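Just below is one structure, and these are the notes that go with it.
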Amino acid sequence: MRIGILGSGLMGGKLGTLFARSGHDVVFSYARSADKLKRLAKEAGHNARAGTPAEAAQDADALLLAIHWLRIDDVLKQAGELSGKVILTCSLPMDAGNTGLVIGQTSSGAEELAKKVPKANVVCAFNTVPSEVFFGVYEAKRKAKRPSLVYCGDDARSKEVAAGLIRDVGFEAIDAGPLRIARYTEPFALLMGQLAYEGTDGPELAYRFERYPG
Ligand SMILES: NC(=O)c1ccc[n+]([C@@H]2O[C@H](COP(=O)([O-])OP(=O)(O)OC[C@H]3O[C@@H](n4cnc5c(N)ncnc54)[C@H](OP(=O)(O)O)[C@@H]3O)[C@@H](O)[C@H]2O)c1
């Protein structure tokens, strides 16, 4: 697939690299320096290149939105027409100081994003994982027991695209239901961040759901 990365920081940089290593064509966009985008593309290999958000969106089969919540309107404006696009968002609706969610309980960042781009298909995924985990999970992906990763969305085809990418990166994809479930996954992402950055085990932490034997 062709995958456009909107926001090439910790999340977008790592996930874009792994999508490229999994064989997808990747365009890295939206960082403060063009050199950084070029470096990322070079490191990710021959399937990757640097571009503008509009170039990342053009012909993309899927877009990864990985920006701070305050940048959302700017990046959408730069990306241009997104009708019919699959948008995977890992962006959390955090306040400027990254101390808490500015949307919650009765809505979620993913649902508010869907309202901003009503003709696109938003899937909420990857935000429950500290970025430091991605390379380790990818390298261990042939192991029988993969860590779980929940995703949610309203469009079945877009969710299939998301599930495929989640598996490509090395996780087991768990369908959590419609997009409104992001109201529960986004606070869960804060728990994962808390455990990763303020807990004792550090960010090398990926969760797994297991069925309790009945
Ligand atoms: N990091 C995690 O472990 C994690 C986990 C779960 C969810 N999330 C969520 O994922 C989203 C992305 O997080 P992140 O950690 O990847 O953030 P980040 O490292 O700060 O990346 C954000 C990207 O946006 C770019 N950017 C910021 N201001 C810009 C501007 N004015 N013009 C152009 N580009 C600009 C940054 O450019 P530069 O590259 O030049 O800085 C960077 O590439 C956030 O919503 C966060 O809450 C993150």
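Output the number of the condition that D74 fails; it satisfies all remaining conditions of (1) surrounded by fewer than 18 Cβ atoms within 10 Å (Cβ to Cβ); (2) more than 8 Å from the ligand (Cβ to nearest atom); (3) assigned to a helix (DSSP H, G or I).
All conditions are met except number (2).
Take the conditions in a loop (DSSP other than H, G, I, E, B), under 21 Å from A196 (Cα atoms), within 12 Å of the ligand (Cβ to nearest atom) and among the aromatic types (F, W, Y) and apply them to F126. Does it pass?
Working: in a loop (DSSP other than H, G, I, E, B): yes; under 21 Å from A196 (Cα atoms): yes; within 12 Å of the ligand (Cβ to nearest atom): yes; among the aromatic types (F, W, Y): yes.
Considered against the rule, which asks whether it is in a loop (DSSP other than H, G, I, E, B), under 21 Å from A196 (Cα atoms), within 12 Å of the ligand (Cβ to nearest atom) and among the aromatic types (F, W, Y), F126 comes out as yes.
Given T106, T99, which one is within 13 Å of Y184 (Cα to Cα) and among the hydroxyl-bearing types (S, T, Y)?
Values: T99 fails: within 13 Å of Y184 (Cα to Cα).
After applying the criteria, what remains is T106.
Restricting to the range 112-163, name every residue that is without any contact (Cβ under 8 Å) to a residue 12 or more places away in the chain and either touching a His at 6+ places or on another chain (Cβ under 6 Å) or closer than 23 Å to A60 by Cα (or both).
Matches in the range 112-163: K115, P118, A156, E160.
This table checks each residue for (1) within 16 Å of the ligand (Cβ to nearest atom); (2) part of a helix (DSSP H, G or I); (3) surrounded by fewer than 15 Cβ atoms within 10 Å (Cβ to Cβ).
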position: K159; (1), (2), (3): no, yes, no
position: I166; (1), (2), (3): yes, yes, no
position: T185; (1), (2), (3): yes, yes, no
position: L191; (1), (2), (3): yes, yes, yes
position: Q194; (1), (2), (3): yes, yes, yes
position: T200; (1), (2), (3): no, no, yes
position: L205; (1), (2), (3): yes, no, no
position: Y212; (1), (2), (3): no, no, yes
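Could you please give the count of residues in the range 1-15 that are more than 10 Å from the ligand (Cβ to nearest atom) and buried (at least 24 other Cβ atoms within 10 Å of the Cβ)? Reasoning before the result, please.
Just the residues of the range 1-15 that are more than 10 Å from the ligand (Cβ to nearest atom), to begin with: 1-4.
Pick out the ones that are also buried (at least 24 other Cβ atoms within 10 Å of the Cβ) and you get 3-4.
Count: 2.
Evaluate the range 105-126: report whether one residue or more is modelled with pLDDT under 95 and at positive phi. Give the steps one after another, and end with the answer.
Start the filter on the range 105-126 by keeping residues that are modelled with pLDDT under 95, which leaves 105.
Next cut, at positive phi only: 105.
Yes, the conditions are met somewhere in the range 105-126.
Scan the range 19-70 for residues that are within 11 Å of the ligand (Cβ to nearest atom), assigned to a helix (DSSP H, G or I) and either surrounded by 23 or more Cβ atoms within 10 Å (Cβ to Cβ) or more than 15 Å from the chain's Cα centre (by Cα) (or both) and jot them down.
Those that are within 11 Å of the ligand (Cβ to nearest atom), assigned to a helix (DSSP H, G or I) and either surrounded by 23 or more Cβ atoms within 10 Å (Cβ to Cβ) or more than 15 Å from the chain's Cα centre (by Cα) (or both): A34, D35, K36, L37, R39, L40, P53, L70.
Look at L179 and say whether it is out of contact with any Phe, Trp or Tyr (no Cβ under 9 Å at 6 or more places or on another chain) and without any contact (Cβ under 8 Å) to a residue 24 or more places away in the chain.
So L179 fails the test.
For the range 83-107, which residues satisfy the criterion of being of a type in the set (A, V, I, L, M), surrounded by fewer than 22 Cβ atoms within 10 Å (Cβ to Cβ) and out of contact with any Pro (no Cβ under 9 Å at 6 or more places or on another chain)? Full working, then the answer.
Applying the first criterion (of a type in the set (A, V, I, L, M)) to the range 83-107 yields 86-88, 92, 94, 96, 101-103.
This time we only want the ones that are surrounded by fewer than 22 Cβ atoms within 10 Å (Cβ to Cβ), so: 94, 96, 101-103.
Correct list: M94, A96.
With part of a strand (DSSP E or B) and either over 19 Å from D175 (Cα atoms) or within 13 Å of the ligand (Cβ to nearest atom) (or both) as the only criterion, which of L82, L113, L88 stands out?
L88
Out of (1) in contact with a helix residue (DSSP H, G or I) (Cβ under 6 Å, 6 or more places away or on another chain); (2) within 16 Å of the ligand (Cβ to nearest atom); (3) not in a helix (DSSP H, G or I), the odd one out for Y138 is which?
With respect to (1) in contact with a helix residue (DSSP H, G or I) (Cβ under 6 Å, 6 or more places away or on another chain); (2) within 16 Å of the ligand (Cβ to nearest atom); (3) not in a helix (DSSP H, G or I), Y138 is out only on (3).
The values are calculated or read from the model by the stated rules, or taken from the named source; none is laboratory data. All of these numbers come straight from a predicted model, not from anything done at the bench. So basically every Cβ, Gly included, is an ideal-geometry build from the backbone, and we count neighbours across all protein chains shown.
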